[in-house]
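Novice: Right, I'll just put the structure down here and ask away after.
The values are calculated or read from the model by the stated rules, or taken from the named source; none is laboratory data. Just so it is clear, the model here is predicted, and its values are computed rather than measured. Counting neighbours? That spans all protein chains shown, and the Cβs are built from the backbone with ideal geometry, glycine included. The area values use the complete protein model at the heavy-atom level, side chains included, leaving out ligands, DNA and RNA. Shrake-Rupley method; radii C 1.70, N 1.55, O 1.52, S 1.80 Å.
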Amino acid sequence: MPDFEFVLALVSRWLHILAAITAVGGTIFARAVVFPTLAPLPDEERARLHAALRERWATIVKAAIGFLLVSGLYNFMVTATQSRVPSWYHMVFGIKFLLALAIFAIASLLIGKSPAAQAVRSRAPLWLNLNIALAVAVVCLSGVLRTAEKTPKPPAVEPIEIPAPN
Ligand code: HEM
């Protein structure tokens, strides 16, 4: 029977992939389908529809960010504590993590209500393009991380006491 840690790592991986495809797919859908479809509508109708769509999408974005952070940090912790990885692994992970934080910040502004969020939203297609480009980079870097050879760390050796010679 698989042990608890194995199942937890598998569930965490599933959640990570599901949250990533939902967030990235939704962003591409918004840019390629929603915005061009809303563009020709009269201002008032477009603003009403945009607000309604944004409210529903906001719930999904918040959940996706939460799942990505929790599952991603858990996956990283398991890898870092249990396996030996090549020296480049941590650098690539660091870049991926920073790019992911930038994506989360832009996505949060696109769904937010603050004046800063409104300024970002007034040029939403541009910011969506940037987030899609960043997400492609993050997925590519994740693929690179996946190729890293991970060898289990040997168990810690208990120090043995050598009796002093008489
Ligand atoms: C936009 C956000 C993100 C996207 C699109 C994304 C996407 C992915 C994808 C596609 C994988 C490969 C899954 C697999 O083959 O098992 C992956 C793996 C991983 N992700 Fe993310 N991720 C994101 C954010 C994060 C964050 C915020 C963290 C850390 C806090 C993180 C940590 C990891 C780790 C540790 C792995 C495993 C890498 C390995 O195979 O060694 N990810 N991610």
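Novice: Could you sort Thr151, Thr27, Thr37 by their accessible area in this structure, using a 1.4 Å probe and putting the largest first? Each step should come with its number before you reach the end.
Specialist: Working: Thr151 60, Thr27 25, Thr37 85 Å².
Largest accessible area first, the list is Thr37, Thr151, Thr27.
Novice: Let me ask something else. Order Tyr89, Tyr74, most accessible first, counting only protein heavy atoms with a 1.4 angstrom probe.
Specialist: Working: Tyr89 20, Tyr74 50 Å².
If we order Tyr89, Tyr74 from most to least accessible, we get Tyr74, Tyr89.
Novice: Further question: Once the Cα atoms of region 63-166 are picked out, what are the Rg and Dmax in Å?
Specialist: 21.0, 83
Novice: Say R0 is 41 Å: what FRET efficiency, to the nearest 0.05, do Phe97 and Val157 get from their beta-carbon distance? Could the numbers behind the result be given before it?
Specialist: Numbers: r = 32 Å, r/R0 = 0.79.
For Phe97 and Val157, the calculated efficiency is 0.80.
Novice: Return the Cα extents of region 4-147 along principal axes one, two and three, sorted largest first, each rounded to a whole Å.
Specialist: So the extents along the principal axes, rounded to whole Å, are 58, 29, 26.
Novice: At a threshold of 8 angstrom on Cα-Cα distance, excluding pairs fewer than six apart, so keeping six or more, what relative contact order does the chain reach in percent? Walk me through the numbers on the way to the answer.
Specialist: Values: 102 pairs, mean separation 49.9, N = 166.
Answer for the chain is 30 percent.
Novice: Could you provide, to the nearest whole Å², the per residue accessible area of the chain with probe 1.4 Å?
Specialist: Values: 11470 Å² over 166 residues.
The answer is 69 Å² per residue.
Novice: How big is the convex hull of the Cα atoms of region 34-104, per residue, in Å³?
Specialist: Cα convex hull per residue, to the nearest whole number: 96 Å³.
Novice: Now for a separate question. Test of understanding: what is the full-extension gain from Asn166 to Lys150, defined as 0.36 nm times their sequence separation minus their Cα-Cα distance? Working shown, then result.
Specialist: Numbers: separation 16, 0.36 × 16 = 5.76 nm, distance 4.62 nm.
Between Asn166 and Lys150, full extension yields 1.1 nm more.
Novice: At a probe radius of 1.4 Å, what is the per-residue accessible area of Arg46, in Å² to the nearest 10?
Specialist: Estimated to the nearest 10 Å², Arg46 gives 80 Å².
Novice: Could you check how much of the accessible area of the chain is carbon and sulfur, as a whole percent, using a 1.4 Å probe?
Specialist: Details: 8130 of 11470 Å².
That fraction is 71 percent.
Novice: Let me ask something additional. Per-residue ellipticity at 222 nm for the chain, helices alone: DSSP H runs ≥ 4 residues times -39500 (n - 2.57), over residue total, nearest 500 deg cm²/dmol? Mind dumping the intermediate values first?
Specialist: Details: 6 runs with 125 residues, N = 166.
Estimated from H runs of four or more residues: -26000 deg cm²/dmol.
Novice: Hey, another quick one. Ranked from the most accessible area to the least, with a 1.4 Å probe and all protein chains present, what is the order of Phe35, Phe67?
Specialist: Ranked list, largest accessible area first: Phe67, Phe35.
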